[in-house]
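The values are calculated or read from the model by the stated rules, or taken from the named source; none is laboratory data. None of the values given here were measured: they were computed from a predicted structure. Neighbour counts run over all protein chains shown; Cβ positions are idealised from the backbone, glycine included.
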Amino acid sequence: MSELPLAAIRAFLETHAFPLERELLSRPFTELLPRLQELRADVKRLGLWAPHLPRDLGGLGLTLVEFAQVSALLGETPIGHYLFNCNAPDIGNQELLLSHGSEAQRARWLGPLTRGEIRSCFAMTEPEFAGSNPVWMDTRAERDGDDYLITGHKWFTSSADGAAFTIVMAVTAPDAPPHRRASQIIVPMDAPGVVFVRNIPVMGESGSDYMSHAELRFDKVRVPVTNRIGGEGMGFALAQERLGPGRVHHCMRWIGICERAFRLMVHRAATRELSPGEPLGRQQAVQHWIAECRAEIDASRLLVLDVANRIERDGAHATRDGISLIKFHVAGVLQRVLDRAIQVHGAYGMTDETPLAYWYRHERGARIYDGPDEVHKSAVARRILEAAGMRKGRK
Ligand SMILES: Cc1cc2nc3c(=O)[nH]c(=O)nc-3n(C[C@H](O)[C@H](O)[C@H](O)COP(=O)(O)OP(=O)(O)OC[C@H]3O[C@@H](n4cnc5c(N)ncnc54)[C@H](O)[C@@H]3O)c2cc1C
């Protein structure tokens, strides 16, 4: 694509998405669905739909680096990615089915997903096992003729409420080496034996529909073996492949949140008076927060775009250190920027009159999902130390 439609996207968000935020933050998501569906149709009509998808699937055909810039813009509002059909976890499932789905899987699931007719989710983490160790899980998919029988317990399956299907990570070869034990299998959410236990209260909110995280049980759920994505035992490899670009998507969305929080903070500092004629922004502490935020956001953007460039040039595996660096670094910047922005707003920052408090609650997870900070830091540091001669070991 020669020129990114950034101005058109910004205009759409400012006209239609920002004004909806107060309602979004004060009412159940499901109550806003009819309005949101209209807006999604408008995005399609404007030719801005699914910027990450190839053109033959109705998207804009953007590269990872191009999409990263769009993603930062969409991140400025909690519903940006949803309106443009590039929201997690659907975007990861779309990319997975696009690169590894069979023809039948693409026709049945990918088509409706790309057109925005259905939503999906990804069920990997289990309450009883450390999600930080992705090869350790209990959910089994046992062969029964041409079918799998899936039994297991998952949680934090984002957006499962209202989803048409989930991709389940399940052990299919218990005796294989750890990284070859699991497979990814498509399970329709209405299949007999799929139990939707609840939307988990997260930071005081259970949420609904797209904005929720569910606990699920799979009680001998029968699906055909043809629902497996890729080869048997490929689950872990496919998850790794998904996470490279996925972390760039998350980081650029967080940078969008930072930009919006920064604008709100600056506006408040410039206009809130501590006494007549004395704006808050005259305080040195506030000035330092503004300067520190600007430097941290700019540096994060450059770091993430560099990593996105390197993924495109060298592949995700060769860029794994960079991917780990952006994941924990930008999550930390996000938390600091939101914290300072709320501090500058005082009590107003704690209300849902701005999206700051919503992000502060829900983006705390940024330091946990897709690999907690500590896992990424240790992985990078270990490789640096080993390159300097430290012996390989378990710890
Ligand atoms: C908002 C949100 C959305 C999510 N969405 C999904 C989803 O859609 N699908 C899905 O399958 N999962 C999802 N998850 C789950 C997420 O992937 C897991 O929470 C994550 O993998 C961590 O696993 P855990 O929670 O079991 O923590 P644990 O593995 O129990 O780890 C707990 C803590 O231990 C520390 N730790 C762990 N390993 C190490 C180490 N090697 N070195 C030092 N310290 C360590 C870290 O501080 C970590 O936070 C989501 C989580 C959140 C918060």
Notebook entry, point to check: For residues in region 146-160 being among the charged types (D, E, K, R) and either surrounded by 14 or more Cβ atoms within 10 Å (Cβ to Cβ) or within 8 Å of the ligand (Cβ to nearest atom) (or both), which is farthest from Q240 (Cα to Cα)?
Noted result: D147
Next item on the list: Residues being within 16 Å of the ligand (Cβ to nearest atom) and assigned to a loop (DSSP other than H, G, I, E, B): count how many of those fall in region 118-145.
Entry: 17
Check: Out of region 81-98, which residues are hydrophobic (A, V, I, L, M, F, W, C) and within 14 Å of the ligand (Cβ to nearest atom)?
Finding: A88, I91, L96
Checklist line | Scan of region 209-227 for residues that are crowded, with 17+ Cβ neighbours inside 10 Å and under 23 Å from the mean Cα position of the chain (by Cα), ordered by number | finding: D209, Y210, M211, S212, H213, A214, E215, L216
Next item on the list: Tell me, yes or no, whether region 3-22 has at least one residue that is among the hydrophobic types (A, V, I, L, M, F, W, C) and closer than 18 Å to G111 by Cα.
Entry: no
Item checked: Close pairs from region 362-385: first free of Cβ contacts under 8 Å to residues at least 60 places away in the same chain, partner hydroxyl-bearing (S, T, Y) and in a helix (DSSP H, G or I), Cβ under 7 Å, at least 6 apart -> H376/S324; A379/S324; V380/S324
Item checked: Matching option when the condition is at pLDDT 95 or above, closer than 29 Å to M265 by Cβ and more than 13 Å from the ligand (Cβ to nearest atom), among A331, A308 -> A308
Notebook entry, point to check: Given (1) within 16 Å of the ligand (Cβ to nearest atom); (2) in contact (Cβ under 8 Å) with a residue 12 or more places away in the chain; (3) surrounded by fewer than 22 Cβ atoms within 10 Å (Cβ to Cβ); (4) more than 18 Å from the chain's Cα centre (by Cα), where does R115 come up short, assuming only one miss?
Noted result: (1)
Item checked: Within region 85-112, tally of residues that are assigned to a loop (DSSP other than H, G, I, E, B) and either under 30 Å from L39 (Cβ atoms) or within 16 Å of the chain's Cα centre (by Cα) (or both) -> 6
Margin query: Here is a check on your reading of the model: is L243 in a helix (DSSP H, G or I) and at pLDDT below 95?
Written below: yes
Note to self: For region 348-371: of the residues being surrounded by fewer than 16 Cβ atoms within 10 Å (Cβ to Cβ) and in a loop (DSSP other than H, G, I, E, B), which is nearest to the ligand (Cβ to nearest atom)?
What the structure shows: I368
Margin query: Among the listed residues D175, D161, identify the single one that is more than 21 Å from the chain's Cα centre (by Cα), part of a loop (DSSP other than H, G, I, E, B) and not assigned by TED's automatic domain parsing to the domain that holds H362.
Written below: D175
Notebook entry, point to check: Within region 334-346, is even one residue of a type outside the set (S, T, N, Q) and under 17 Å from the mean Cα position of the chain (by Cα)?
Noted result: yes
Check: If only one of A191, A170 is part of a loop (DSSP other than H, G, I, E, B) and either touching a helix residue (DSSP H, G or I) at 6+ places or on another chain (Cβ under 7 Å) or among the aliphatic types (A, V, I, L, M) (or both), which one is it?
Finding: A191
